[in-house]
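Undergrad: I have a structure I would like to understand better, so I am pasting it below and will then ask my questions one at a time.
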Amino acid sequence: MKNTFFRVFLVILLSNIVVVSIGFGVVKLIQKPQQVSADVLGDVGVQLVSVYEKLGVVPVKELAHTFEKKLSGKLFLYQENGVSLLKPLPRNLPGKKDGRLGRPLADFLDSQFIQVIGTSNVQYLLIYRPSPQLKSSNPELILPFSLLGLLVSSAIVAYWLLGPLLKLQKATRSFGRGDMEARVDVKLAQRSDAIGKLAQEFNEMAERIEVLLSSKERLMRDVSHELRTPLSRIEVALTIAEDKQGLPQQQNYLDRIRTELHELDELIGQVLTLSRLEAASLKKESIDLQSWVSDIVDDVNFESQLKSIHVVKVGSTPKTLLGDPLQLRHAIENVLRNACFYASSGARVEIETSESSGYANIIIRDEGPGVDEDKLEKIFHAFYRSSSARESNSGGFGVGLTIAQRIIRAHNGVIKAGNRPEGGLEVRFSLPMS
């Protein structure tokens, strides 16, 4: 942390030095033609007075014009009685009356004053005033250069600080979305400051989490496979017991045992599906979305005909979608079957397809009881079921929506659920089209 503070301090210090140097350089550049040494002005004044006393007003004006070009300013020459020999002072100089100068005022700060002694001890006053253009350009030039320096220094500091953090944020986001191989760049992790150590610790944490998740998935698969072996034996024994049962009331118990066995076998199958989704690689291909959705609707309509539930397809866009057709079908069917299960007899379930901002949207709407607002996020958690689902003895295990969510996330998509104002639940799938 100290090393990081020292580096930040040096960057800011150097940036400020650059800004100050630019400011002083500009000021020096601007002020250089405005200031003339007293010796130079003294020599100019002596020459002007000498020419005036020898040759008169006209030659001295010509000589003064030559000096004004060299000095980049204006010259004013007055006799001790206040009479101007070159030109009168400009109107913006306070204290001038009738072409005569009583005395120079203290607020005439942009000018320089030189007293010259002529022959017979006659006194003259030489006034040098810098060019107004140079004077007025001073603040306008300093301010843009100062702002430019500040912008450059701020950009350097922001890039130095935020660049590595943005890379770390990107890796964290990818890891949080399920990309277990997401890591921070090696060069960033090799830095010796606090940011480099943070990147290194993130990579180490990601490695540990990946190992833990892999172990968990392996354990779930192994346990599920091992459980199916005794289940198969129990079912064989149950079949033998049914063949040899003697009392009619025993058949009820045997039927109950068979039902529980089937539910347990189904639960194990769904757990295996979850574990495969964690590790499975997608087999993406181009899907004719409209035809593909129509096939799913036909299959679910066939299953739901006993309840007279009608699944309706709406929408004609997009035409194609890139994805794993088998896994996506599993996700859509899970949600559709849930919608049909909770819908009342004769109800309508709608599946709509649309396209927006490069995403294919598949929206499933039902007319069921909906879900409490505080439970909308929880329904995607594994083995979670709302109280209404438990009370209705639906026979589900709360895994279907979890499987659907993981399939959609594996496709870099989003699945969301919300209650409809007119009643029922709406589940929206958003999948990137490419």
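Undergrad: Suppose the filter is at pLDDT 80 or above, open to solvent by less than 80 Å² (accessible area, probe 1.4 Å) and within 17 Å of A38 (Cα to Cα); does Y124 pass it? Working first, answer last.
TA: Values: at pLDDT 80 or above: yes; open to solvent by less than 80 Å² (accessible area, probe 1.4 Å): yes; within 17 Å of A38 (Cα to Cα): yes.
Against the criterion (at pLDDT 80 or above, open to solvent by less than 80 Å² (accessible area, probe 1.4 Å) and within 17 Å of A38 (Cα to Cα)), Y124 qualifies.
Undergrad: Working only within the stretch 173-208, note down all residues that are under 24 Å from T402 (Cβ atoms), open to solvent by 30 Å² or more (accessible area, probe 1.4 Å) and touching a helix residue (DSSP H, G or I) at 6+ places or on another chain (Cβ under 7 Å).
TA: R177, G178, M180
Undergrad: Further, regarding this structure: If I filter the stretch 290-297 for residues that are open to solvent by less than 50 Å² (accessible area, probe 1.4 Å), farther than 30 Å from D179 by Cβ and among the hydrophobic types (A, V, I, L, M, F, W, C), do I get at least one hit? It would help to see each step written out before you state the result.
TA: Start the filter on the stretch 290-297 by keeping residues that are open to solvent by less than 50 Å² (accessible area, probe 1.4 Å), which leaves 290, 292-294, 296-297.
This time we only want the ones that are farther than 30 Å from D179 by Cβ, so: 290, 294, 297.
When the remaining residues are screened for being among the hydrophobic types (A, V, I, L, M, F, W, C), the result is 297.
Checking the stretch 290-297: at least one residue is open to solvent by less than 50 Å² (accessible area, probe 1.4 Å), farther than 30 Å from D179 by Cβ and among the hydrophobic types (A, V, I, L, M, F, W, C).
Undergrad: Within the stretch 215-261, take every residue that is polar (S, T, N, Q), more than 60 Å from the chain's Cα centre (by Cα) and part of a helix (DSSP H, G or I) and give me the one that is modelled with the lowest pLDDT.
TA: Applying the filter and picking the extreme gives Q249.
Undergrad: Being more than 60 Å from the chain's Cα centre (by Cα) and among the polar types (S, T, N, Q) is the filter here, so list the residues in the stretch 37-61 that pass it.
TA: Hits for the stretch 37-61 are Q47, S50.
Undergrad: Let me ask another. In the stretch 305-339, how many residues are under 18 Å from I415 (Cβ atoms) and surrounded by 14 or more Cβ atoms within 10 Å (Cβ to Cβ)?
TA: Selection size over the stretch 305-339: 20.
Undergrad: Would you mind finding the one in L166, L150 that is modelled with pLDDT under 75 and either aromatic (F, W, Y) or over 30 Å from V116 (Cβ atoms) (or both)? Before you say what the answer is, go through the steps one by one.
TA: Details: L166 fails: modelled with pLDDT under 75.
None of the other options fit; the residue is L150.
Undergrad: Restricted to the stretch 348-367, and to residues that are in a loop (DSSP other than H, G, I, E, B) and more than 33 Å from the chain's Cα centre (by Cα), which residue is modelled with the highest pLDDT? Walk me through how you get there before you give the answer.
TA: Residues of the stretch 348-367 that are in a loop (DSSP other than H, G, I, E, B), as a first pass: 357-358, 366-367.
With the extra rule that they be more than 33 Å from the chain's Cα centre (by Cα), the set shrinks to 366-367.
Details: D366: 93, E367: 88.
The selected residue is D366.
Undergrad: Checking the conditions here, which among L322, L336, L326 is under 27 Å from T402 (Cβ atoms) and outside any helix (DSSP H, G or I)?
TA: Just a single option satisfies the conditions, and that option is L322.
Undergrad: Does I114 meet the test of being over 56 Å from the mean Cα position of the chain (by Cα), modelled with pLDDT of 75 or more and surrounded by 12 or more Cβ atoms within 10 Å (Cβ to Cβ)?
TA: Against the criterion (over 56 Å from the mean Cα position of the chain (by Cα), modelled with pLDDT of 75 or more and surrounded by 12 or more Cβ atoms within 10 Å (Cβ to Cβ)), I114 qualifies.
Undergrad: Mind checking which pairs have a first residue in the stretch 394-423 that is under 12 Å from L282 (Cβ atoms) and open to solvent by 20 Å² or more (accessible area, probe 1.4 Å) and a second that is in a strand (DSSP E or B) and at pLDDT 90 or above, Cβ under 6 Å, 6 or more apart or different chains?
TA: The qualifying pairs are N412/P432.
Undergrad: In this structure, does R406 turn out to be under 24 Å from F175 (Cα atoms) and either outside any strand (DSSP E or B) or modelled with pLDDT under 90 (or both)?
TA: When the stated conditions are applied, R406 passes them.
Undergrad: Scan the stretch 315-342 and report the pairs whose first residue is of a type in the set (D, E, K, R) and whose second residue is part of a helix (DSSP H, G or I), with Cβ atoms within less than 7 Å and a gap of 6+ or a chain change.
TA: K319/L289; K319/Q290; R329/I296; E333/I296; E333/V300; R337/V300
The values are calculated or read from the model by the stated rules, or taken from the named source; none is laboratory data. This is a predicted model, so every value here is computed, not measured. With ideal geometry, Cβ positions are generated from the backbone for all residues, glycine too; neighbour counts draw on all protein chains shown. Surface areas here come from the heavy atoms of the whole protein model, side chains and all, with no ligands, DNA or RNA. Shrake-Rupley method; radii C 1.70, N 1.55, O 1.52, S 1.80 Å.
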